[in-house]
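Please read the structure below before turning to the comments.
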Amino acid sequence: MKESLEKIVKKFKESWFGVNKACFFSVILLLSAIKSGLFLIGFTIPLVFYIRGIVKAKVPIEPEGTFKYQTCKYKEIGNTVLKLDIWYPNQIKDAYPLIFFAHGGGWISGFRNQPNNVSWCKFLASKGFAAVSIDYRFAMLNSMENILTDYTDALDFIKNNAVELKISRDAIVLMGLSAGGHLALLYSSYYTFMNNEEKMRGIKGVSVYYSPSDLRDLFAKEQKSLFARFATMVTLKGIPNNRPDLYYNYSPIEWISERMIPTLVVHGRKDTIVPYTSSVNLVSKLKSKNIPCRFLIHKKGGHGFETHLKDFRTVRILEETVRFMKRLVK
């Protein structure tokens with residue numbers, strides 16, 4: 001009995017909620033100070049959302065064994081230090097193809113080294129990629145522009161130190177989950193639309209899981225997630241009717257052009273956080289511009305399905321994701 005209890009405590013401490021509880025409750029206290037009405041929403045919705053299954057979250061075919069990684073500080077703003085972790089394959093090379101990975105969390109939470117992100121990085125490393133998992137500032141005290149600046153600075157740090165970090169500058173794929181996927185889509189769609197060759201140099205494609213392509217979709221009538229609406233409202237400092245320019249400018253679907261890079265889109269039909277239709281519309285827009293793309297669908301998958309389901313379709317989607325990215329960096 002004692003041994004079982006110790007295992008539970010250990011898992012809790014290693015979980016997202018256990019590791020980051022201080023930050024989480026600091027955010028809640030901030031919300032309560034700003035407006036008492038936000039306290040109830042801010043406390044109950046994110047708490048239920050993240051505790052649900054996050055303790056054991058990992059991809060179902062996570063490899064056995066250990067993988068080396070190193071932590072780098074890529075940016076410092078005042079008292080805030082932003083870091084990234086680089087996970088390496090066990091085989092030795094002078095330069096590895098890179099998956100530049102951004103976590104989810106509605107732009108208001110999440111960390112580079114929470115269990116599901118570590119699981120993804122180990123999985124990618126086992127397939128021959130170096131995987132970089134980044135932290136970025138949260139929207140509670142920052143703007144979407146601040147977050148995008150962090151994303152860009154982290155990517156520039158990797159490119160500028162590629163030789164030392166053993167990264168191939170010409171074999172990079174942007175990847176993200178949920179809000180992290182939104183950042184990857186927005187970066188790639190905007191800079192290809194603007195034909196910015198410097199920003200896009202070496203980036204061969206983008207791979208996103210259950211990410212919003214149109215931020216207005218998170219306020220659609222059929223969308224019932226209070227967390228998604230709350231997080232988006234906090235990030236863009238208002239609702240679509242009040243800030244139409246921001247919702248337009250920060251929606252990747254509005255920047256899709258004929259120059260967009262190959263894109264992999266993954267979504268579950270049962271997603272209650274980010275509407276499945278957001279990805280349907282994105283893929284339709286990509287195809288209308290003749291952009292090479294793939295759309296992988298899990299009929300029973302919800303938000304974060306790849307870390308909770310162990311069925312054949314989930315494993316197949318993960319394998320197809322790796323194949324898609326390997327073709328891009330050959």
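Nothing in this text is a laboratory measurement; each read-out follows from the coordinates by a stated rule. All values derive from a computational prediction rather than experimental measurement. Cβ placement follows ideal geometry from the backbone for every residue including glycine, while neighbour counts extend to all protein chains displayed.
Points to keep in mind about this one:
- Segment 171-302 shape via C-alpha gyration tensor axes, a/c threshold 1.5: oblate
- LYS224-THR272 pseudo-label distance in nm [points 7 Å out on the Cα-to-Cβ vector]: 0.6
- Positive contributions from Lys and Arg (+1) and negative ones from Asp and Glu (-1), summed over other residues with Cβ under 14 Å from the Cβ of ARG313, come out at +2.
- Going by neighbour counts of Cβ atoms within 10 Å, the residues PHE111, PHE305, PHE129 line up, fewest first, as PHE111, PHE305, PHE129.
- You can think of it this way: the chain between ASN249 and GLU64 has 62.3 nm of extra reach, that is 0.36 nm per residue less the Cα-Cα gap.
- The slack in the chain from GLU198 to PHE295, taken as 0.36 nm per residue of separation less the alpha-carbon distance, amounts to 32.1 nm.
- Cα gyration tensor shape of segment 68-328, rounded if a/c is under 1.5, else prolate or oblate by comparing a/b with b/c: rounded
- Between segment 308-330 and segment 78-151, the alpha-carbon centres lie 19 Å apart.
- Gyration tensor (alpha-carbon) shape descriptor, segment 226-330, a/c threshold 1.5: oblate
- If a spin label sat at a point 7 angstrom from the Cα of ALA95 along the line to its beta carbon, the backbone N atoms of segment 198-222 nearer than 18 Å would be those of 198-205.
- Ordered by the number of other Cβ atoms lying within 10 Å of each residue's own Cβ, fewest first, MET175, MET194, MET260 fall into the sequence MET194, MET260, MET175.
- The Cβ shell under 13 Å around LYS299 holds other residues with a net charge of +3, Lys and Arg each +1, Asp and Glu each -1.
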